[in-house]
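Please treat every number below as a calculation from the coordinates, not as lab data. Remember, it's a predicted structure, so these values are computed and weren't measured experimentally. Here Cβ is always computed from backbone atoms with ideal geometry, including for glycine, and neighbour counts include all displayed protein chains.
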């Protein structure tokens, strides 16, 4: 085993000498993700403020002035477009107007007879201002209708309770932490599988097929190290790089999430609290990430990632050693990404965690078990079966890789 550690040390020193790769793997994510998440969140908040404070321009055809008299009051957020229009869709696409409303000629008669008015609203859902204006006008009309209904009920000496035969009181058994945990558990396994495989691909191809191209593999074989020790060392090197890459990406995404979360919370929490207090509701619950990302969940996840990393490392090592060049190795490894991607996408299917045979399905079981770890649905026997299945599959893959790489044509293929 000492020879394998020497090869591991050699490959890791070779990896650290490439400063560009080292920077892109370890430090670039720490800069990219917080900056990216912060910019995206800031732009989203600014756009939300812009849309909420902007005035919606409305072209309205209201012969009897039924809706116009209340729609364009001061402070309503709507502005009447007074110019003539021949092509409404064109005006919407050019953002001359945001909405077009057509009120029927006999609307006043319908109001007098207490019948509903059929309004025709035209908007462009591909335009933010138009879509926002549509939702705004919907709310405006709904609020106005509620006032009209209350007035009609008062005339009949009835209360609004007559329109509400049943009232629903909602009690959630889970809070904000559980909902965030569900979201983390949904996408984290998908990210881990893709990152572990893709993160070690280039390095694995370089220290296998790349050494063939450079001619350094033959020099390594002339040493006292056995062929098995050389391959074990290279496999451990690929494994270490994949684990380091995942760790740094997870840290970077965590920092990015905190950056985005702080910006969003700063903008919304005080507003939400004030609204809740004004409505007589308790203060909204806060999100405690420490109760979601517990040491137990992280350690149990790591326990699954270690055999999974060895499995991916053995696959990458075998493909790289069987290839003539780095280019051929990369092309041969690409289908693995699509397989892992398909497994990750399938794991997002609703209700998949209820399948009883899932703990026995390789790779798929890992995604579901990790999801349950962060959603408070952890089942010990499912975890143990998944861990055992992954260990057995990793052992089989490593053994198969060793047998394939013991052949002469694997190392001397050119």
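Would you please give the FRET efficiency between residue 219 and residue 53, computed as 1/(1 + (r/R0)^6) with r the Cβ-Cβ distance and R0 = 51 Å, to the nearest 0.05? Each step should come with its number before you reach the end.
Details: r = 69 Å, r/R0 = 1.35.
Approximately 0.15, to the nearest 0.05.
Mind giving me the nanometre distance, one decimal, between the label points for residue 64 and residue 334, set 7 Å out from Cα along Cα→Cβ?
About 6.6 nm separates the two model spin labels.
Extending each Cα 7 Å along its Cβ direction at residue 80 and residue 325, get the distance between those two points in nm, one decimal.
7.4
Rank these for me by crowding, 235, 201, going from fewest to most other beta carbons within 10 Å.
201, 235
Could you compute the FRET efficiency for residue 128 and residue 388, with r as their C-beta to C-beta distance and R0 at 45 Å, rounded to 0.05?
0.30
Quick one: if you stick a label point 7 Å off each Cα along the C-beta vector at residue 102 and residue 154, how many nm between them?
Result for the modelled spin labels: 3.5 nm.
Using 0.36 nm times the number of residues separating residue 379 and residue 187, minus their current alpha carbon distance, what extension gain do you get?
67.2 nm
Can you tell me the FRET efficiency between residue 346 and residue 95 if r is taken as the Cβ-Cβ distance and R0 is 30 Å, rounded to the nearest 0.05?
On the way: r = 42 Å, r/R0 = 1.39.
Plugging the Cβ-Cβ distance into 1/(1 + (r/R0)^6) gives 0.10.
Counting other beta carbons within 10 Å of each residue's own, what order do 84, 69 fall into, fewest first? Show your work: numbers first, answer last.
Working: 84 6, 69 10.
Sorted ascending by nearby Cβ count, the order is 84, 69.
Ranked from highest to lowest mean number of other Cβ atoms within 10 Å per residue, what is the order of the peptides 384-393, 338-347?
Going from most to least packed, we get 384-393, 338-347.
Order 126-135, 152-161, 214-223, 305-314 from most to least packed using the mean count of other Cβ atoms within 10 Å. Numbers along the way, then the final one.
Numbers: 126-135: 17.2, 152-161: 10.2, 214-223: 12.2, 305-314: 23.3.
Descending mean neighbour count gives 305-314, 126-135, 214-223, 152-161.
Relative to 2.2 N^0.38 Å, what does the C-alpha radius of gyration of segment 55-160 come to as a ratio? Two decimals please.
Details: Rg = 15.0 Å, N = 106, 2.2 N^0.38 = 12.9 Å.
Normalised by 2.2 N^0.38 Å, the Cα Rg of segment 55-160 equals 1.16.
If the viscosity is 1.002 mPa s and the temperature 20 °C, what translational diffusion coefficient in µm²/s does Stokes-Einstein give for segment 182-223 when Rh comes from Kirkwood over Cα pairs?
172
Using only Cα atoms, what is the ratio of the radius of gyration of segment 3-82 to 2.2 N^0.38 Å?
Here the Cα radius of gyration is 2.52 times the empirical estimate.
Calculate the radius of gyration of the Cα atoms of segment 100-242 to one decimal place, then report Dmax, the largest Cα-Cα distance, as a whole number, both in Å.
Every Cα atom of segment 100-242 included, Rg and Dmax give 34.5, 102 Å.
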